[in-house]
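What follows is a short report on a single structure.
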Amino acid sequence: MPAPQSNNSPFFVQAVILIGFGIAAYLMFSLATSVYKNYLIDQHIKSFEEENVRLAAENLQKKEDYDYYISEAYLEKTAKESLSLKKPGEEVIILVEDDIKSEKKSLNL
């Protein structure tokens, strides 16, 4: 009985090696593109997280401003400044810039 022939011709071996290198190159390219896409996605996530932190701080500041603007202290301040109102028994003192400068000069004597 004759022994089975193996197909070990130089062309066949070179073709198998060439196909193996092609597959390896394709896998390396696929890996590199996947890693790059993952990097880009991570960068987007990082920028979105930074934006979320900034927006949260901005929202907190706006909430504090809103709370201040609806407070009694702000209403009282606005009434005093805009409408020249005062509480009963309260004395109003108006400081003029010239008076302050002259007072500072007299203290430096």
Quick one: what pairs do we get from region 68-89, first residue on the phi < 0 side of the Ramachandran plot, second exposed (fewer than 10 other Cβ atoms within 10 Å of the Cβ) and in a loop (DSSP other than H, G, I, E, B), C-beta under 7 Å, 6+ apart or different chains?
-> 86/92
So residue 3 clears everything in (1) hydrophobic (A, V, I, L, M, F, W, C); (2) outside any helix (DSSP H, G or I); (3) modelled with pLDDT of 95 or more except one condition, right? Which one?
-> (3)
Count - residues of region 66-101 that are in a helix (DSSP H, G or I), surrounded by 10 or more Cβ atoms within 10 Å (Cβ to Cβ) and polar (S, T, N, Q) | 1
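The values are calculated or read from the model by the stated rules, or taken from the named source; none is laboratory data. Here the structure is a predicted model, which means the values were calculated and not measured. Cβ atoms come from the backbone with ideal geometry, glycine included; neighbour counts cover every protein chain shown.
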